[in-house]
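Just so you know, all these numbers are worked out from the coordinates, no wet-lab data involved. In this text, all values refer to a predicted model and were calculated from it rather than measured experimentally. Neighbour counts are summed over all protein chains in view; Cβ atoms, including those assigned to glycine, are modelled from backbone coordinates with ideal geometry.
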Amino acid sequence: MAEVAFVRHEMEPPQAPPSGQVGPARWLRENLFSSWLNALLTIASVALLWWLVSHMLPWFAHGVWNAGSLTECRQIIQATWGEGASGACFAVIRERWQQFLFGFYPVHLYWRPTLTFFLLLAALAPVLVSELPRRLLWFSAAFPGLCYWLLWGGSLWVPIAIYAGFVVGHLAQRLLAAAGYGLVAPFAAALATVLWWLYLVGPVADAFASVVPLALTPVASKLFGGFMLSTVIGMTGIAFSLPLGVLLALGRRSDMFIVKALSIGFIEFIRGVPLITLLLVATFLLNVFLPPGTNFDIILRVIIMVTLFAAAYMAETIRGGLAALPRGQYEAADALGLDYWKSMRLIIMPQALKISIPSIVGNFISLFKDTTLVAIIGLLDPLGLVTSIRADSNWNGIVWELYGFVALLFLLCCYGMSQYSRYLERKLRTDRR
Amino acid sequence: MTSAEMPGERFRLSMLIYDTRYRSLTIQVIALISFMLAAAWLVNNTVQNLAALGKTFDFGFLGTRAGYDINQTLIPYTNDSTHGRAAIVGILNTFLVAILGCLLATIMGVLIGILRLSPNWLVSKLAGTYVDVFRNVPVLLWIFAFFAILTDMTPAPAAFRGDNPSAQMIFGAVAITNRGFYIPWPVLAPGWQLVVGIFALSVVAVVAFGRYARARQEATGEILPTFWIKAGLLVAPTLLADLLAGHPISFDFPELQRFNFEGGGFIDKSLIALWLALSFYTAAYIAENVRGGIQAVSRGQTEAAAALGLRPNRIMNLVVLPQAMRVIIPPLISQYLNLTKNSSLAIAVGYMDARATLGGITMNQTGRELECMLLLMGFYLILSLLISSIMNWYDARVSLKER
């Protein structure tokens, strides 16, 4: 009988992994030093980082916040940190930050743009966060008029009278539909609204203003500047380019030849020329295209051009989303008996927009960045201000502080927008992946 | 059976809106009429306004004397040349910065895109930061900032003077000053055509040899040592021709004279600033395209290639890249288009591109806003239609032929 010399009855406990395979050592090995090339890259990156930090840290630490000019800044830095020390001159930002925010808006009226900004946040909240009560959207709808009144001043009755145009149109449609002219009701309503805007807004606003004058000190457009200007142009462009883009995208995918041709022509024309040429048209040529004697506000002209420009890009983005939808969705909508607009509104658009969220937000970001182009046609947006400050003999030669400040603000806004788009994508993701 | 087929159905006016057969016609007619009305209104306004201003609509101003200088020109130009020639100089300058920009942006973009996919944590984070920072800040700011850096942080030519100068030329050949870059410039002696011609021929030969090697490999499976043969083909004949012709191409180096550098070539700082800013900015977008393209190739492809026994290098070259290119190229071309359109911001740093000559000084001097803007928009429009037709052609060529 064979005798079993040794049988193990219990499992040996596993040995601890070698020291190079656990904890930080392993992470370093796998992520930074997995091969010769990687090790070299790591060393190069560390050298680059070290170079950046070793130059920037003292520069920040030596920063001067109280000085009247760049020369004074440099003297203070030399006096405190010794000959040859480098340091930032943040004094220029301390001196000019109000201009960076508000341009040349009258100082005693700063409360108006500030209030408008907080109202903007309140108006955006229900649009961005769907958990808030839907009734707040009424405030969002009223906000553009309020914003216009607060920023430009003048009589409150003008925006109210403009809003009243929508009420007039709605009433006209209701009355005509009730009287049995449902066929022409939409056209008549549109006509009534336009006529109201063309001929009655002025007199009605004046009449009310003479009874109850609700007016703020008017502020001229040429005083607007800084981030206020960028935000006004950017937000208006964003708000109007999306619906316009949706219409253009639908037009481009339409079966109707003429509508399609017009949409394609518009989109390709706008996408084919740089924004700056459109802004030049707004400055030099718009007066030539409009009836003799018309001369309207430069900011409004810029906003119109920026909106049209962004709308063309938006249309292409949304067209991509529409094309990505399976045909079955269109057919299912037809099979349910929905008419064109209902099927678009209830079935197609929600899905197409969801698909194209990242690119739509990308368009918003480039629109917001493109607002800086107004500096070239002479408006004082943050970049225009930087140029004028650098031309000031006190601050001549200052580079990093100003451009860094403006870049940082844009970076925060744009990065914030892209993060929001990621959040929205995650929230709206209904398929399981 | 639908009512449409009923005989004797009377046409009623309301059918124009309620009947889907006629409705689209109605809408189109309305759209066309409103479009034509709007166009007529605009043209009418324009005619009236031009008449009121006493202006005519003609392009004769292109033949008149321009009277302004251009700091950087590719073709001979003086301020006695015509506005038309100034416009051409501007257009060529646009092409110059666009081509330079596309080249640098592609190199940087591909590099950063690949670094971003690197397994090295630090490197991929750094590349990601680059992309985020450059994409989220307006390109105009980069243009201004690069120009300001070149203006305020580079030495004046005087700093190169003296026994112990505060600034040094790079390799004794390139001087970076606050006016621009002074670089060596080729001087062509008789016989240079031979060298350049031979070089062009050897480039053709390299391409032809590449094709031959590939065809041979596909036919026989034999792999030729292409790299060394190509390198030899590229270098040897040119060197030989250079030797035979007695070094007809030499370089003129910039020398510091009394006030400034003389000799060599000069690149204005506005061109450098614009070029670098556009390239750095566009490189961030290209990097994202490259990363997206490589990630779009499914892992299964890489794994299958590895299972076939290919080494990582070959997997990249033979399996991943050919498939990724299909995804990368179309957005890459549209980035080129964007770069070209962004180059119209050149006026911010005083670089005289098409927008700055035709749509800038010429327009201001002659007061021909309408004509100048039409020409300028026409130029950009033709350019972008051209580029997008190239893109469509490429798309059609490489798209997967499924189904």
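Under the convention that each Lys and Arg Cβ holds +1 and each Asp and Glu Cβ holds -1, the size of the dipole of chain B around its Cα centre is about 1040 debye.
Over 30 Å, how big is the tail of the calculated P(r) for chain B, in percent of all Cα pairs?
Within chain B, distances greater than 30 Å cover 64 percent of Cα pairs.
Mind checking the full-extension length gain between B:Gln365 and B:Ser34? Use 0.36 nm per residue of separation minus the Cα-Cα distance, one decimal, nm.
Working: separation 331, 0.36 × 331 = 119.16 nm, distance 3.68 nm.
Extra length from B:Gln365 to B:Ser34 when fully extended: 115.5 nm.
With springs connecting C-alpha atoms under 10 Å apart, model chain B as a Gaussian network and identify which of B:Thr64, B:Thr302, B:Thr73 has the largest mean-square fluctuation. Sorting by GNM fluctuation, first place goes to B:Thr302. Do any trypsin sites (Lys or Arg not before Pro) in region B:205-309 lie in a loop, going by DSSP, with at most 14 other beta-carbon atoms within 10 Å of their beta carbon, and if so which? Of the trypsin sites (Lys or Arg not before Pro), the ones in loops of region B:205-309 whose Cβ has at most 14 other Cβ atoms within 10 Å are B:Arg258. Comparing B:Trp121, B:Trp142, B:Trp275 in a Gaussian network model of chain B, where Cα atoms under 10 Å apart are tied by springs, the biggest mean-square fluctuation is seen for B:Trp121.
Cβ under 14 Å from B:Thr94's Cβ, B:Thr94 left aside: what net charge do those residues give with Lys, Arg +1 and Asp, Glu -1?
On the way: positive: B:Lys341, B:Arg355; negative: B:Asp353.
With Lys, Arg at +1 and Asp, Glu at -1, the net is +1.
Pair-distance distribution of region A:154-216: all C-alpha pairs, bin width 10 Å, starting at 0; shares per bin in whole percent are 25, 39, 24, 11, 1.
So what's region A:222-428 giving for Rg/Rh, alpha carbon basis, Kirkwood Rh from the mean inverse pair distance? Don't skip to the answer; put the middle values down first.
Numbers: Rg = 20.0 Å, Rh = 19.0 Å.
The Rg/Rh ratio comes out at 1.05.
Net charge in the neighbourhood of B:Leu381 (other residues with Cβ under 14 Å of its Cβ; Lys, Arg +1, Asp, Glu -1) is +2.
With K and R counted +1 and D and E -1, the other residues having a Cβ less than 14 Å from that of B:Leu321 yield a net charge of +3. Volume of the convex hull of region B:124-283 (Cα atoms only), normalised per residue: 204 Å³. The distance separating the Cα centre of region A:15-70 from that of region B:145-159 comes to 30 Å.
Mind grabbing the base-10 log of I(q)/I(0) for region A:36-90 at q = 0.23, 0.29 Å⁻¹? Debye formula, identical points on the C-alpha positions, no solvent, two decimal places. Reported log10 I(q)/I(0), two decimals: -0.80, -1.04.
For region A:205-301, chymotrypsin sites (Phe, Trp or Tyr not before Pro) meeting the loop criterion (DSSP other than H, G, I, E, B) and having at most 13 other Cβ atoms within 10 Å: A:Phe296. For chain B, hydrophobic long helices are taken as DSSP H runs at least 24 Å long by C-alpha position along their axis with mean Kyte-Doolittle hydropathy of -1.0 or more; these are B:20-53, B:83-116, B:192-220, B:226-244, B:269-296, B:321-342, B:369-398. If you wrap chain A in the convex hull of its Cα atoms and look at it from every side, the mean projected area works out to 40.5 nm².
Each eigenvalue of the Cα gyration tensor of region A:314-433, multiplied by 5 and square-rooted, gives one semi-axis; in descending order these are 45, 16, 8 Å. Once the convex hull of all Cα atoms in region A:1-156 is built, its volume per residue stands at 332 Å³. Please report the base-10 log of the normalised intensity I(q)/I(0) for region B:280-383, using a Debye sum with one equal scatterer per alpha carbon and no solvent, at each q in 0.10, 0.13, 0.23 (1/Å). The calculated log intensity ratios at q = 0.10, 0.13, 0.23 Å⁻¹ are -0.49, -0.64, -1.11.
In the frame of its principal axes, region A:90-226 has Cα extents of 70, 42, 24 Å, reported largest first.
Output the direction-averaged projected area (hull surface divided by four) of the convex hull of the alpha-carbon atoms of region A:1-47, in nm².
On the way: hull surface 23.4 nm².
Computing the convex hull of the Cα atoms and averaging its projections yields 5.8 nm².
Put in order of Cβ neighbour count within 10 Å, fewest first, the listed residues A:Lys222, B:Lys341 become A:Lys222, B:Lys341. The share of alpha-carbon pairs in region A:9-75 lying farther apart than 19 Å comes to 64%.
Take every pair of alpha-carbon atoms less than 8 Å apart whose residues are at least six positions apart; their mean separation over the length of chain B yields a relative contact order of 22 percent. The convex hull around the C-alpha trace of region B:250-290, projected and averaged over every direction, spans 4.6 square nanometres.
If you find the alpha carbon centre of region A:321-359 and of region A:192-207, how far apart are they in angstrom? Region A:321-359 and region A:192-207 have Cα centres spaced 38 Å from each other. Loop-located GluC sites (Glu not before Pro) in region A:54-95 (DSSP state not H, G, I, E or B) with no more than 15 neighbouring Cβ atoms inside 10 Å: A:Glu83. Here the dipole of chain A is about 700 debye; that uses its Cα centre as origin and unit charges on the Cβ of Lys and Arg (positive) and Asp and Glu (negative).
Restricting attention to the protein assembly as shown, the count of lysine pairs at 8 or more positions apart or across chains with alpha carbons under 29 Å apart stands at 19. Percent of C-alpha pairs per 10 Å bin in region A:282-363, short distances first: 16, 31, 21, 19, 11, 1.
Calculated [222 nm] ellipticity per residue, helices only, for chain B: -21000 deg cm²/dmol; basis is -39500 (n - 2.57) per DSSP H run with n ≥ 4, divided by all residues, nearest 500.
Note on the protein assembly as shown: Rg/Rh from Cα positions, Kirkwood definition for Rh, rounded to two decimals, is 1.01.
In region A:216-275, the ratio of gyration radius to Kirkwood radius, Rg to Rh, stands at 1.19 when only Cα atoms are counted.
Bin by bin, in steps of 10 Å, what percent of the Cα pairs in region B:46-164 do you find, going until the bin that has the longest distance? Result, from short to long distances: 10, 19, 24, 23, 15, 7, 2 percent.
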